[in-house]
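Undergrad: One structure coming up, written as structure tokens, with questions to follow.
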Amino acid sequence: MTIVAEQWSGSLLEVRDLHTQFFTRRGVVRAVDGVSLTLNAGETLGLVGESGCGKSVTALSILRAVQEPGRVVSGQILFEGENLLRLSERGMQQVRGRRIAMIPQDPLTALNPVLSVGDQLAEVLGVHLGMHGRGARNRGIELLERVGIPLAAQRFDAYPHQLSGGMRQRVLIAMAIACQPGLLIADEPTTALDATIQAQILELLGELTREVNMGLLLITHNLGIVAGHCDRVAIMYAGRIVETAPVRDLFAHPHHRYTNGLLECVPRLDRQGKGVFHTIPGAPPDAADIPPGCPFHPRCAFAVSRCVEDQPQLTKAAVDGSVGTFACWNPRGIEVAATP
Amino acid sequence: MSALPSTASKLLSVDDLRVYFPTGPSGFFGGARETVKAVDGVTFDVKAGETLGLVGESGCGKTTTGRAILRLTPVTSGAIVFDGRDLTKLSNEQMRQERQRLQIVFQDPFASLNPRHTIAGIITEPLRVHGMSSRRERLTRAQELLGLVGVAASALERYPHEFSGGQRQRIGIARALASNPAFVVLDEPVSALDVSIQSQILHLLLDLQQRFGLTYLFIAHDLAVVGQMSDRVAVMYLGQIVEMATAADLFRQPLHPYTLALLSAVPYPDPEIERRHRRIILSGEVPSPVHPPAGCRFHTRCPIATDRCRAEVPPLRRLSSGHDVACHFAETSQELVSQRLGTASAIVGTRERI
């Protein structure tokens, strides 16, 4: 593996107070509403939330790939110390796919059906690394082997429809790691796959991050995947991050009531038997109509009067040794600080 | 968990069900027409009031099985005896009548419905089909049904696109219940829903089952969901049932190597367990149902397959524990997998510690 010439010693990725909005006929949709997060090299950060919470828009914002009528309206996205929002579109092209790569959710539609797998892989190698002809072919086959595709030399010439969903996802991973990016964003990479294939793909992503000290932003709604594959977790709700913590702390001592509710809702193999389900009443709010105060308060059994008016900000959990943060006025397992 | 009395009557008996599909028409240029054996000899019973979970990966035939029971897909051979009548022998008209008592809830209940119909139209349609002639009566019943599933009656005048996924599924359930069915096939009813909504719908389904004594066939790929909904569970692989037992037995003591692998692949929402437990990562992928492997269909991916498995089909046989397994080595499969991979003991151990 090649060594990156300049070593950046700070966080690989630092997102500060990001706001991304969609200007629709129905009004302004605040899809991402003040998100801050950091990710270090070699680390896997899980970005977790339910559909519509803004996790995918956060990822697209980092890549500056938000489509009209959406726009990043404010904030900073520091990647290896450089604010991506200040880059020209041309400069951004040097970043996208090369230094930051993304694995899309649906392996069935992400590949071009009329080009062979090899052609698509060679295109990436050509555009970003100037590799062509035999060199690109050999490197492409090497990459397919690396992501665990059997008979890689033959599969290089196959068309997407000739491969299974799991194999296609491996091809997309091969394309994503072709340029040895510093940061890989995986948006629900296994949601479309079966359990046994999901386990294979997650194992592969884990190996790859360790191998090249890559940062991985893993977007998922599956808390089981988070538990097994992430170092830290950020929980999103209604466009905001409501809690962050190292993975063990989050599962052992969730502070935000939404986090705790989510954890209790997840069906578990070790809680068998037909029985009572934990549920969170109601549904996440419409992003065009987010309630004032804490956006979770209409669904929260622990809401206090302050939650209705006053939007809680992420604060450090004042517990010994904890490095987590949460945005909740009546957190679980913590005495609330009296002063606002 | 309520153990059902063993005397509970069988409401549904599926015997040696086969559903084969031709792979496209034999073309102008000839070429052999091949057959996809989507369901290939499936036998099970469902007792009145119980939930049988049907799990497996995509393409295993679980959805086709569910659809075949309602004859929404043509049955190639086998018997489907519902409340004493073999559904495969009924005329289309008789089957249409019978569907008052057998219903289905789909993953996306509106995918197949006309988006221009109001919710009132969607819910009252089955009532009209099944002979409730008064419009007023139908609307009253529709309101009552919406109340049952927790949707405001004002929904009646609205259109499908105005509802969130969870509400849509509630309406889909109301529609299925409109004709007072005894048996409901739930085909991945919560897989498109978010976690917090998923648990609401599961809760609703259990509640309705208790209130109306419904019998469910619960089809899903998520083992944890199936475990929380089912009395018994059948695991399918390539068109066949490989293991069937009470939910408690199956999860505590899985005996088929495929079930072992499937269970070990499920991610646990618990970092401590996740870090301890080592997975059985199955190599390869599910073979084509056009040319299933000879012998045991799982042998191409099985960590403990022998020559016998490659040659001889293991029948689904009942062990003394009451557990049905289709594996030549069911009695020792856990130890064999454990020896082969050095992992299974850890997995089974984890399950037992909990």
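Laboratory data are not the source of any read-out in this text; all were calculated from the coordinates shown. Computed from a predicted model, the values in this text were never measured in an experiment. Glycine also receives a Cβ, built like all others from the backbone with ideal geometry; neighbour counts cover every protein chain displayed.
Undergrad: Setting aside same-chain residues fewer than 8 positions from B:LYS89, which lysines have a Cα under 24 Å from its Cα?
TA: B:LYS10, B:LYS37, B:LYS47, B:LYS62
Undergrad: With chain B treated as a Gaussian network of Cα nodes joined by springs under 10 Å, which of B:LEU262, B:LEU54, B:LEU156 yields the largest mean-square fluctuation?
TA: Of B:LEU262, B:LEU54, B:LEU156, the Gaussian network model singles out B:LEU156 as fluctuating most.
Undergrad: Among B:ASP324, A:ASP289, which comes first, then next, by fewest other beta-carbon atoms within 10 Å?
TA: Lowest count first: A:ASP289, B:ASP324.
Undergrad: At 20 °C and a viscosity of 1.002 mPa s, what translational diffusion coefficient does Stokes-Einstein give for region A:67-173, taking Rh as the Kirkwood radius over Cα pairs? Give it in µm²/s as a whole number.
TA: For these conditions, the coefficient is 138 µm²/s.
Undergrad: Pick out which of A:ALA136, A:ALA252, A:ALA301 has the largest mean-square fluctuation in a Gaussian network model of chain A, springs linking Cα atoms closer than 10 Å.
TA: A:ALA252
Undergrad: Find how many whole Å separate the alpha carbon centroid of region A:124-179 from the alpha carbon centroid of region A:69-96.
TA: Each part reduced to its Cα centre gives a spacing of 28 Å.
Undergrad: As a test of the definition: which semi-axes, in Å, follow for region A:173-223 when you take the square root of five times each eigenvalue of its alpha carbon gyration tensor? Largest first, please.
TA: So the three semi-axes of region A:173-223 are 19, 12, 10 Å.
Undergrad: Would you list B:HIS117, A:HIS229, B:HIS256 from fewest to most Cβ contacts within 10 Å?
TA: With the sparsest Cβ surroundings first, the list reads B:HIS117, A:HIS229, B:HIS256.
Undergrad: Simple spin-label model, 7 Å along Cα-to-Cβ: B:VAL129 to A:VAL28 in nm?
TA: 4.8 nm
Undergrad: Report the rotationally averaged projected area of the protein assembly as shown based on its alpha-carbon convex hull, in square nanometres.
TA: Quarter of the Cα hull surface area: 34.3 nm².
Undergrad: Work out the mean other chain Cβ neighbour count within 10 Å for the residues of B:279-291 and drop it here as an integer.
TA: What the average comes to for B:279-291 is 3.
Undergrad: Same structure, new question: Once you have the Kirkwood Rh of region B:218-310 from its Cα pairs, apply Stokes-Einstein at 4 °C and 1.567 mPa s and quote D in µm²/s.
TA: The calculation lands on 90 µm²/s.
Undergrad: Here is a further query. Which residue fluctuates the most in chain A, going by a Gaussian network model with Cα springs under 10 Å, if the choices are A:LEU217, A:LEU163, A:LEU184?
TA: A:LEU163
Undergrad: Further question: Under a no-solvent Debye model with one identical scatterer per Cα of region A:230-298, what's log10 I(q)/I(0) at q = 0.18 Å⁻¹?
TA: Once normalised to I(0) and log-transformed, intensities are -0.80.
Undergrad: Within a 10 angstrom radius of each residue's Cβ in A:196-208, how many Cβ atoms of other chains show up on average? Whole number is fine.
TA: Average neighbour count from other chains, rounded to a whole number: 4.
Undergrad: Taking K and R as +1 and D and E as -1, what net charge do the other residues with C-beta under 11 Å from the C-beta of A:LEU218 add up to?
TA: -2
Undergrad: Here's something else I'd like to know. Report the percentage of all Cα-Cα pairs in chain A whose separation exceeds 36 Å, rounded to a whole percent.
TA: So the pairs more than 36 Å apart make up 23 percent of the total in chain A.
Undergrad: On to the next question. Starting from a Cα-only point model with no solvent, please compute log10 I(q)/I(0) by Debye for region B:143-201 at q = 0.20, 0.24 1/Å.
TA: -0.79, -1.08
Undergrad: Calculate how many DSSP beta bridges within chain A are antiparallel, expressed in % of all such bridges and rounded to the nearest 5.
TA: The answer is about 60 percent antiparallel.
Undergrad: Rounded to a whole number, what is D in µm²/s for region B:118-218 from Stokes-Einstein with the Kirkwood radius over alpha-carbon pairs (37 °C, 0.692 mPa s)?
TA: 237 µm²/s
Undergrad: What lysines could a cross-link reach from A:LYS316, if we take a straight Cα to Cα line under 23 Å and drop same-chain neighbours fewer than 8 places away?
TA: A:LYS55
Undergrad: Can you give me the Kirkwood hydrodynamic radius for chain B, using every pair of distinct Cα atoms, in Å to one decimal?
TA: Taking every pair of different Cα atoms in chain B, averaging 1/r and inverting gives 21.8 Å.
Undergrad: Here's something else I'd like to know. Take the Cα coordinates of region B:23-164, assign each an equal point scatterer, and use the Debye formula without solvent to give log10 I(q)/I(0) at q = 0.10 Å⁻¹.
TA: Cα-only, vacuum Debye calculation for region B:23-164: -0.51.
Undergrad: Then there is this: Take peptides B:36-49, A:120-133, B:83-96 and line them up by average Cβ neighbours within 10 Å, highest first, as a rough protection proxy.
TA: The densest-packed peptide leads the list: B:36-49, A:120-133, B:83-96.
Undergrad: Hey, another quick one. Order by neighbour count: A:SER36, B:SER230, B:SER133, fewest other Cβ atoms within 10 Å first, most last.
TA: So the ranking, lowest neighbour count to highest, is B:SER133, A:SER36, B:SER230.
Undergrad: Counting C-alpha atoms alone, how compact is region A:1-159: give Rg to one decimal and Dmax as a whole number, in angstrom.
TA: That works out to 18.2, 53 Å for Rg and Dmax.
Undergrad: Further question on the same structure: Does region A:209-326 come out rounded, prolate or oblate, given a ≥ b ≥ c as the square roots of the eigenvalues of its C-alpha gyration tensor, rounded meaning a/c under 1.5 and, failing that, prolate meaning a/b above b/c?
TA: Oblate is the answer for region A:209-326, as a/c is 1.5 or above yet b/c matches or exceeds a/b.
Undergrad: While we're here: Grab the beta carbon distance between A:SER9 and A:ARG90, set R0 = 25 Å, and tell me the FRET efficiency rounded to 0.05.
TA: Efficiency, rounded to the nearest 0.05: 0.40.
Undergrad: Moving on. With each run of n ≥ 4 DSSP H residues scored as -39500 (n - 2.57), what mean residue ellipticity at 222 nm is computed for the protein assembly as shown after dividing by its residue count and rounding to the nearest 500 deg cm²/dmol?
TA: About -9500 deg cm²/dmol.
Undergrad: Right, another one. Convert each backbone phi in region A:60-66 into a coupling constant with the Karplus relation 6.51 cos²θ - 1.76 cosθ + 1.60 (shift: θ = phi - 60°), then list the ³J(HN,Hα) values in order as whole Hz, x for Gly and Pro.
TA: Per-residue couplings from phi come out as 5, 5, 4, 7, 6, 10, 6 Hz.
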